[in-house]
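Take a look at the structure set out below.
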Amino acid sequence: MTAAAALLFSSIIGAHGSVLHHHGSVTIDVNKQVEHIIARDVAPMVSATGAGGAAVVVYIRGRTLFFNYGFADQTKKQPITSDLLFNVGSVRKVFDAALVAQAVERGELRLDDPVNKYVGELQGDYIRRVTIGQLVTHTSGLLLPTDHPPWPQEHYSLSGFLDALNAWTPKNGEEPGKQRIYSHAGYILLQLVLEHRYGRPIAELIARDITKPLGMNSSVLPERGPDDRAILGPELMQRTVQGYSYGGDPVGLPGNQQGYYDFPGAGQMFSSARDLAILLAACLGDASVETGLRRALQSTRREFFRVNSQFGQAMAWEVADFSNTGIVDKPAGLDNASAYIGLVPQSKIGLVLLLNRGDVAPSEVTRTRTLPDLARIPRTPMLANTRQSGHVRLAPKAE
């Protein structure tokens with residue numbers, strides 16, 4: 001491994017230090033097993049030129065481990081850390097879905113409510129039959145030019161977006177609720193539903209109901225400036241990574257946001273590995289979380305639509321089985337950022353990957369190998385019961 005892809009490994013360990021498990025005559029260091037799996041699968045995702053890196057979180061049965069590779073900024077030789085901010089792309093959809101689940105839990109929305117109950121401008125023949133539940137599970141049938149390549153040149157204003165939805169008709173016989181078609185436009189519409197229902201901007205709703213209650217103080221949904229750069233305060237901007245293309249070219253400035261919707265709240269979130277570690281613990285039921293939010297996070301993972309023999313669709317999350325391992329996850333990608341959050345609920349294991357390099361597609365590896373291998377690490381009583389109470393930092397490794 002080159003110096004550009006150097007690994008900085010930090011682990012939260014218990015009061016007894018590294019956990020050792022005797023399996024027959026072999027002593028197994030759980031931390032080292034995790035480190036080996038992550039190095040094997042994530043290091044190849046980092047450019048050998050040093051343009052970009054990865055921040056990784058592994059949550060394993062009550063313990064949190066952080067792994068950092070490569071550079072936040074190649075020119076400055078600034079290393080990746082667990083506190084830097086990445087554009088998390090469509091991982092934001094997990095937060096939008098949690099807002100919907102909370103609203104349903106409180107009786108303030110129903111999944112079978114038609115969207116035009118809250119966005120009254122939508123009266124087109126097709127869109128008026130679409131429900132909130134279909135939006136949040138990607139089963140609405142909507143497919144706008146902004147949803148899949150080849151990407152269009154034009155952007156949508158709010159009025160233009162509503163006009164496009166009113167005029168939309170299916171090209172291949174789609175019907176609301178009858179198929180799963182991944183739709184960014186559906187989630188932008190879901191944002192409008194939530195904003196109209198509560199009379200507040202989506203960023204404020206996410207902060208009020210999810211990130212602040214969880215203590216995720218570095219997770220923000222900023223507005224996009226005229227240069228496609230997120231409007232962030234100086235302290236947050238200094239912690240924001242430079243994004244790179246898959247080939248290693250800089251794309252935009254730190255804080256670059258992308259999208260086709262020119263109205264507030266339609267951009268991407270920024271978060272850190274340390275903040276998303278909190279979300280992992282909350283999703284797996286191992287954190288002190290208010291009852292309604294805990295139930296909402298759990299309900300978002302319930303499968304609503306079976307796509308095929310291997311995949312199902314939940315609220316934002318995708319549900320799959322690989323190597324006899326039940327996985328719930330959400331991939332994300334832009335041309336200058338890639339992200340992934342995945343859970344193995346039965347084993348109390350979670351994984352976050354944040355990369356400031358575009359088009360990496362980490363889910364191709366994390367689903368088929370990383371999470372199944374993490375789930376196969378033997379359980380130990382000490383590992384299951386140890387509280388987080390120490391901190392070890394190992395120096396960067398380089399050849």
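Give, as a single signed number, the net charge of other residues whose beta carbon lies under 15 Å from the beta carbon of Val220, with Lys and Arg counted +1 and Asp and Glu -1. Can you show the working numbers first?
Working: positive: Arg92, Arg208, Lys212, Arg224, Arg229, Arg239, Arg274; negative: Asp83, Asp96, Glu204, Asp209, Glu223, Glu235, Asp275.
Around Val220, the charge tally is 0.
Using a Förster distance of 25 Å, how high is the FRET efficiency between Asp286 and Ile231, based on the Cβ-Cβ distance and rounded to 0.05? List each step's numbers first, then the result.
Numbers: r = 34 Å, r/R0 = 1.38.
Plugging the Cβ-Cβ distance into 1/(1 + (r/R0)^6) gives 0.15.
Taking 8 Å as the Cα distance limit and 6 or more residues as the minimum spacing, I'd like the relative contact order of the chain as a percentage.
On the way: 865 pairs, mean separation 105.3, N = 399.
Averaging sequence separation for qualifying contacts and normalising by length gives 26 percent for the chain.
Could you tell me what percent of the DSSP beta bridges with both partners in segment 216-372 are antiparallel, to the nearest 5? All intermediate terms of the calculation are to be shown ahead of the outcome.
Values: 27 of 28 bridges.
Within segment 216-372, antiparallel bridges account for around 95 percent of the total.
Please compute the net charge surrounding Tyr246, taking Lys and Arg as +1 and Asp and Glu as -1 over other residues with Cβ under 12 Å from its Cβ.
Taking every Cβ under 12 Å from that of Tyr246, the sum is -2.
Over the chain, what percent of the accessible surface lies on carbon and sulfur atoms, probe 1.4 Å?
Numbers: 8510 of 16350 Å².
On the chain, the fraction of accessible area on carbon and sulfur atoms equals 52 percent.
Send over a whole-number figure in Å² for the accessible area per residue of segment 24-76, probe 1.4 Å.
Numbers: 1630 Å² over 53 residues.
I get 31 Å² per residue for segment 24-76.
Helix 273-283: angle to the longest alpha-carbon principal axis of the chain, degrees 0 to 90, nearest 10?
70
With only Lys, Arg, Asp and Glu charged, each at its Cβ (+1 for the first two, -1 for the last two), find how big the charge dipole of segment 176-258 is about the Cα centre; round to the nearest 20 debye. Working shown, then result.
Working: 9 positive and 8 negative charges, 83 e Å.
Approximately 400 debye in magnitude.
Gaussian network model of the chain, Cα springs within a sub-10 Å range: biggest mean-square fluctuation belongs to which of Gly259, Gly107, Gly124?
Judging by the Gaussian network model, the answer is Gly107.
Over the residues of segment 106-189, compute the C-alpha Rg and express it relative to 2.2 N^0.38 Å. All intermediate terms of the calculation are to be shown ahead of the outcome.
Details: Rg = 12.4 Å, N = 84, 2.2 N^0.38 = 11.8 Å.
That ratio works out to 1.05.
What 222 nm value per residue comes from the helices of the chain, counting each DSSP H run with n ≥ 4 as -39,500 (n - 2.57) and dividing by all residues, nearest 500 deg cm²/dmol?
Values: 11 runs with 97 residues, N = 399.
Only helices count here, giving -7000 deg cm²/dmol.
So how far, in whole Å, is the C-alpha centre of segment 192-259 from the one of segment 299-371?
That distance is 22 Å.
5 Å is the cut-off here: which amide hydrogens, built 1.01 Å from N in the peptide plane, fall below it relative to Leu109, excluding neighbours closer than 5 in sequence?
Val104
Nearest 10 degrees, 0 to 90: what angle lies between the long axis of helix 158-167 and the longest principal axis of the chain (Cα atoms)?
Approximately 70 degrees, to the nearest ten.
Placing +1 at every Lys and Arg Cβ and -1 at every Asp and Glu Cβ, with all other atoms neutral, what dipole size does the chain have around its Cα centre, in debye to the nearest 20? Provide the component values of the computation, followed by the final result.
Numbers: 39 positive and 38 negative charges, 264 e Å.
For the chain, the charge dipole is close to 1260 debye.
Where the eigenvalues come from the Cα gyration tensor of segment 246-386, what are the semi-axes √(5λ) of the equivalent ellipsoid, largest first, in whole Å?
On the way: eigenvalues 148, 67, 60 Å².
Taking √(5λ) for each Cα gyration eigenvalue gives 27, 18, 17 Å.
With every atom except the alpha carbons ignored, what do you get for Rg and Dmax of the chain, in angstroms?
21.0, 69
Peptides 39-51, 339-351: what's the order by average Cβ count within 10 Å, highest mean first?
Details: 39-51: 19.4, 339-351: 22.7.
By packing density, highest mean first, the sequence is 339-351, 39-51.
What does the net charge come to around Lys93 if you take all other residues with beta carbon closer than 15 Å to its beta carbon, with K and R at +1 and D and E at -1?
Values: positive: Arg92, Arg180, Arg301, Lys330; negative: Asp96, Asp147, Glu318, Asp329.
Net charge in that neighbourhood comes out at 0.
GNM on the chain, C-alpha springs below 10 Å: top fluctuator among Arg379, Arg294, Arg61?
Arg379
Compute a Gaussian network model of the chain, connecting alpha carbons closer than 10 Å, and tell me which residue from Glu204, Glu175, Glu235 fluctuates the most.
Glu235
With label points built 7 Å along Cα→Cβ from the Cα atoms of Lys32 and Lys77, find their separation and express it in nm.
3.1
So how compact is segment 125-279: Cα radius of gyration and Dmax in angstrom?
Reported Rg and Dmax, both Å: 17.0, 50.
May I ask which residue of Gln268, Ala361, Leu284 lies farthest towards the positive end of the charge dipole of segment 222-363, with charges of +1 (Lys, Arg) and -1 (Asp, Glu) on Cβ and the Cα centre as origin?
Checked the options; the winner is Leu284.
The values are calculated or read from the model by the stated rules, or taken from the named source; none is laboratory data. For clarity, every value in this text was computed on a predicted model and none was experimentally measured. Cβ coordinates were reconstructed from backbone atoms using ideal geometry, including for glycine residues, and neighbour counts include every protein chain displayed. Surface areas here come from the heavy atoms of the whole protein model, side chains and all, with no ligands, DNA or RNA. Shrake-Rupley method; radii C 1.70, N 1.55, O 1.52, S 1.80 Å.
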